Structures are given as structure tokens and as C-alpha cells.
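Just below is one structure, and these are the notes that go with it.
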Amino acid sequence: MKKKHIYFVEVNSVYSGIEKKLKLPYSTGLIKAWVLQNKTIEDNYDFPDWICHRDDIDEIFDRIKNPSIVGFSCFTWNWKFNKLLAKRIKDKYPNCLIVFGGKEPPNAAWLKQNPEWIKDYPYVDIIVHTEGEVSFEEILIEHLNENPDYTHIEGCTINHKTSHTITPPRARIVDLGESPSPYLNGIFDDVYKKYKDMDFMFSAVIESARGCPYACTFCEIGDSYFTKIKQQPIQQVFDEIEWIGSHGIDYIDDATSNFGIFHDRDTEIAEWLVHCNEKYGNPQTFKVDWAKSKAMRLFSIAKILHDGGLHRGMTLAMQSLDDQVLKAVKRKNLVNDDDIQEITKVYETAGISTYIEIILGLPDETLEGFKQGLCRTLEIGEHNHVGMYVLVALRNTPFGDNEYIEKYEIKSKRILAPIARWVEPPDGIMETADLVIGHKQMTTEEWLEMYLFSWLVASCHHMGFTEKIVRFIREHYKITYEEFYKKLFDYVGSNPNTILGKEYLDIKNHILQIITEDEPKTFWGRQSKEFPEFQGEKEELSCLMYIKYKDRFYKEFSSFINNNFKVDSDIINAVTKFQMDNVIDPNTRYPIKTDVEYNFMDVILEKKKLKKQYKEYEINANNFNGDYLEYGTSLYYRRKTGAGRTQITDYEK
């Protein structure tokens, strides 16, 4: 008997400088591993190809031959591509069943509010909501019938072209141990070999636990469906990590939303990651979302990963420091300023990086409140990194709910997806997203100023270019971070001929173009005539300009300080020289020796009095041999761990 052909489509973005990198298709891998447990499916279906790299859409279309079912894993970064490919498949193979799943297709609640939506997508036969393993298995079994009726399959929307049926919700999988691993049962072997032979690099996803107890309105996992956390069997997690390490894959993304919430178990996982790194040299990076508001308790886990070279920063996910804003997004931070100050001090002393996450433009956030909150993160000791993310209105969150939108008067703009290193794919199909640029308490003009203020603090302070100077001024001259950076912001806005002023104007014009153009066509990532081959985040490209014109940047910066604050210019010049040695210069060959005439680090770290103290330091850092592209890439990917800062290797406290 001739088997029916199933194709899975799960493609990722194409990123600048790493076009030949493949994220193993974990979502569809779980589905495939699950359904192949069913012998009826194994006997009646085959899988001729797996579409998991963003090649040209014409090439991909030609690879799909006589499909019976095509399942699409849909996210922001592949939504338009998937729709175009699905339509072409349906036009050529009208009897092919097109099934959409993932986070991007509308959920049942949204479809009930917007029932006309599905009429614009006649080529989509079924949308699978929430977990898809069981639903897809039942779809395949039903598809074998002569006159299949999918309306009895729970957790789906069935498109009848002129109408649709939303079936009852499906209960979650009770025991994730019932779900086989695509790493361990050989399902990924052919994909890995195919792309390995083409010299691709790989990244891998695991899911040590599934679900999240929080209900944040900006997050799709905040749905009550996922409130209870289900754990993968720990031995399966160990075996998957070992498979990944033994296959030379250096990057693991754990899809769990709260790593460390099961402290003892996640300690074992951290120890196993380090074990595999020591055994195979991989994985080298472990990306994870840490358990919210538990950083002090998680210190022991972070230290294991840090000592093993896999830690990439402890998240202090605040999102906002304003209680009214947190209430609007159903969020509550369980730590106060004193707690955060203690946490950052403990981690900094141990040499382990931390970072705070803040979202720009949340409902009820005001411009002044945002500036105060951002500067407050500096006052409580977070100098390494603050991840400031723009807010995207995701359809399957309250930001897609009509009542919520009306309540907060949410204003959004369709733009190219805000992914800085995203480049145009081979077929030119560009993905989009809905950027929140205003609400009841914030005009679009205020949102723009909020964005620019976040750029200033991020590029200057968190990337390390002004951090030592401003921290010294805070301790020695008692000038608050808010006063300092607000004055600096006014200065750069009115001095367009300075390095900072030019960057400010370029970024402002770039963002204005994005949020005012009729049709999305401007990339979120910035480019520059100075670095034509480079595309990156706002602060990333600014840092390249700061370092290329380092002498001029610091001359202008120290002049600003001397002209706007009551300070001793000799001391400012000395701390500026010290600061210049504390940022990595891609043209410098490290290590180097430098001398300092004051005890600046004692003042900054231990709040001691300033005194003359001539001392020689050794400054060490990675050498980039004049390669600005490699330097800028390192700044971006290692920004959470202080990538732009040198190491003072012989400093004695």
C-alpha cells in the first residue's frame, strides 16, 4: 500500500553573519515523535522531507511532492512565509490538508471575537490550539477515513470556508514522560546529518518543564491553560543534553519559563550541563528564562553554570518598577529595592553577571515614570545590563483582546519584526509584528523619547562606556543617576555635532521612519556607512561609533561633565582615562599595563573616600585584531555578561 506523505514546516529567521545555522525543529519534532508511537500512523504515512531551514520559498515548494498533510509550526518569525507557502500548496494540491499550529495562529478566544478572520484563509483547514501532540495524532487517524470529520477532535478550529467550528478545549498531557524525545529516538538523525554535511552550525531546544504559574498579559504562556507546570523526566533531560553535547552543538535553549523553580532538580540539570561540557566541549551556552523573583535562592545554580562557563546572566525580570503598571499587566514583583541591591552585590562579588529586564510602553507607564524606574535600577546596583525590550502586541494575549485594547487605548503600528540581526531572506518575504507605540498614559512622541532615553543609558552605561565614570560621580559627588542621565539626554538632543548627538539623531530618524511609513519596509536593525557590513541593535552600532572615535567621544563626554556639574576637572580627567582603559578596544593588543592615580575602584565598589593612590594595573580582554565586525558581534551576543568591559586582573581590594 502506498503511504500518504506528511511534511512538517518549521523554519526560523535568517540572521546577519550566521546564515548557515539551523535550530533543530523541536516543536514539530515533538509532534513527529509522538504520532509515530501509533502503529496505524507508522503503517500509513511517511515523511519525505522536513522543511526546517529558511531557504527560498520556490525551492521549498518544489521539494514538496504530492502531500497528503502539511503541518506548519507558526511563530512571528515565519508567519507570512507559512501563509504564502500554504496557499501555494493548496492551489496545486487542493486535497492536501493544511494544519497550522504554534503561537501565531489565533486561539479560540480570539476567533470568537473575530469570527470573520478565518474567511480570509480558505487554504488553512485546521488550526490546532495549545498542545498539539494528541490533536495531530487524531487528525492523522481521522484523515485515513473516506469522509473524514475533524469536528470531534478537541482543541482545534475546523475551517469550513464559509463558516468554522471551534471544538472543545483539549486537556493537557498529564505525564510528559509519555512524550518521546526526537533526540533520543533517532528522529533528528537524518536532519542533523543532512545539514552537517552542508557545514551548518546548530542550536538545540529542550523543554525541561512546560507551563508557567504567572498570568502576565504581554506573554502567550500567561494563558490559564499553562498555569500548572509539568516536568520532563529528568533522565530524559540528561540524555537529551548528552546527545546535544556529543553532536558538537554548542547552544541550548531551554524552553522552560522558570528554570530553578524546582531547585534541587534544576541543580542536577546544571551539574549535568557542566559535566557534558567537560566531557564533549559542548554545550557552551545554556539560554534559559530563570524563575521570577528568586535570584538569591538561585545563586547556587547560577554559580554552577558560571564556574562551568555556561552562565549567560541571571535574570531579574522586573518588566516595570511601577506598581500601577505591574497591576495593569497582572504582574507582581516579589522583591523590593533592598532585595535587588543585595542580590546584585552578592552576584557581582562572585563575578557572576546579572541583568534586569524592562519592557517599554506597558499600559499605564508614563514617560517620567519610565525614566525614573530605569535610573532606579542603577541606584539599586544593576550596572551590568538592563534588557529593554519594545512591546509587541501578540494576538493571543490580552493585547489582542478588544476590551483590553479599549480599556488602555492601546495604539500599535505594523512594522517589520523588531529583530535587530534579522536580514532579508532569499525570497524577500518579510515578517511583521504589531509594535505598541502609545496608550492612554503615553503618546507616540513620549514613546519615542522613552526609546531614545533607554538607548542612551544602554549604550553608555550598560555597555560599559561611561559606567565607571558615572558610578564614581554618584559615589563621590552624590549626583544621582537620574539627574546625570537626564542632563546628558538633554545635552545630546541639543548637540547634534557630537558623537552622541549624531547617534541620537540617526536613531531617532531611523525609528521615526519605521513607525510612520505606510507599509513596513525598514529593518529594525541599524546599519551605518561607517560599517556597511554590520547590522545590529541601536546600542550595539552606537558602541562601534564610540570605540572608533574613542578619543573624541571621551573628550566630549568629560567636557559635558565639567560644564554641567560642580566637579574637579583634574579628577574627572583622571577617571575618564581610567574609564577608557576599562572598555575593550578592538585595536588594542591585550594584556596591557596602565597606571591610575586615585583609588577609583575603592570609591565605586566600597564607598571609600577618594585619595591619591598611584597604582599600576594589568588590563586584560579578548583580542579582536582590529576586526570591528567581530567586536560588535561579541558586544551583542555577550552583552548580558559585560562583553564590552576589560578585566582588571591584578586589582586588590
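The values are calculated or read from the model by the stated rules, or taken from the named source; none is laboratory data. Please read these numbers as outputs of a predicted model, since none were measured by experiment. Every residue, glycine as well, gets a Cβ built from its backbone with ideal geometry; the counts of neighbours run over all protein chains shown. SASA here: full protein model, heavy atoms, side chains in, ligands and nucleic acids out. Shrake-Rupley method; radii C 1.70, N 1.55, O 1.52, S 1.80 Å.
Some points to look at:
- Of K468/K508; K20/K538; K83/K640, those spanning more than 31 Å from alpha-carbon to alpha-carbon: K83/K640
- Space enclosed by the convex hull of the alpha-carbon atoms of region 379-521, per residue, Å³: 157 Å³
- Hydrodynamic radius of region 252-376 per Kirkwood, over alpha carbon pairs, in Å: 15.6 Å
- Dimensions of region 301-437 based on its C-alpha atoms, expressed as ranges along the principal axes with the largest first, amount to 45, 43, 24 Å.
- Judged by the mean number of other Cβ atoms found within 10 Å, the most tightly packed of the peptides 123-131, 179-187, 198-206 leads the ranking 123-131, 179-187, 198-206.
- Between region 173-194 and region 358-392, the alpha-carbon center distance in angstrom: 40 Å
- Probe 1.4 Å, protein heavy atoms only - accessible area per residue of region 412-464 in square angstrom: 26 Å²
- Estimated translational D of region 535-627 in µm²/s (Stokes, Kirkwood radius over Cα pairs; 25 °C; 0.890 mPa s): 165 µm²/s
- Cα gyration tensor shape for region 437-544, rounded if a/c is under 1.5, else prolate or oblate: oblate
- Mean Cβ neighbour count within 10 Å, used as a protection proxy, ranking 234-241, 489-496, 356-363 highest first: 356-363, 234-241, 489-496
- Kirkwood-based Rg to Rh ratio, region 1-136, C-alpha trace: 0.96
- Between 0 and 90°, nearest 10: helix 234-246 axis offset from the chain longest Cα axis: 70 degrees
- Rg ratio (alpha-carbon, reference 2.2 N^0.38 Å) - region 255-313: 1.03
- Over the chain, all Cα pairs binned in 20 Å intervals from 0 give whole-percent P(r) values of 17, 51, 27, 5, 0, listed from short to long.
- Convex hull volume per residue for region 1-64, taking Cα atoms only, in Å³: 74 Å³
- Listed by chain and number, the lysines whose C-alpha is less than 16 Å from the C-alpha of K521, apart from same-chain residues fewer than 8 away, are K80, K413.
- Ordering 619-631, 246-258 by mean Cβ neighbour count within 10 Å, with the highest value first, yields 246-258, 619-631.
- Value at 222 nm in deg cm²/dmol, rounded to 500, when DSSP H runs of n ≥ 4 in the chain each add -39,500 (n - 2.57): -12000 deg cm²/dmol
- Rg and Dmax [Cα atoms of region 487-575; Å; Rg one decimal, Dmax integer]: 15.6, 53
- Positive-end residue, region 32-172 charge dipole about Cα centroid, Cβ charges, pick of H143, P94, I41: P94
- Folded to 0 to 90 degrees: helix 538-548 orientation relative to the chain principal axis, Cα: 40 degrees
- Restraint check, K92/K119; K529/K593; K502/K607; K487/K611; K228/K327; K90/K194, Cα-Cα greater than 25 Å: K529/K593; K502/K607; K487/K611; K90/K194
- Our note on the geometry: Cα centres of region 249-297 and region 408-454, 32 Å apart.
- Label-point separation, T432 to D264 (7 Å along Cα→Cβ), nm: 5.3 nm
- Once you reduce region 87-130 and region 1-62 to the center of their Cα atoms, the two points are 19 Å from each other.
- Excluding ligands, DNA and RNA, the accessible surface per residue across region 231-308 is 39 Å² with a 1.4 Å probe.
- log10 of Debye I(q)/I(0), alpha-carbon scatterers only, for region 56-148 at 0.22 Å⁻¹: -1.27
- For K577, the aspartates and glutamates whose Cα comes closer than 15 Å to its Cα, not counting residues fewer than 8 places off in the same chain, are E467, D551, E556, D568, D585, D595, E597, E616, E618.
- With Cα atoms, 0 to 90° folded angle of helix 133-143 axis to the chain main axis: 30 degrees
- Per residue, the Cα convex hull of region 173-248 amounts to 113 Å³.
- Neighbourhood charge, 10 Å Cβ-Cβ cut-off, centred on E379 and excluding it, Lys, Arg +1 and Asp, Glu -1: -1
- Above 18 Å, the calculated P(r) of region 360-404 contains 44 percent of its Cα-Cα pairs.
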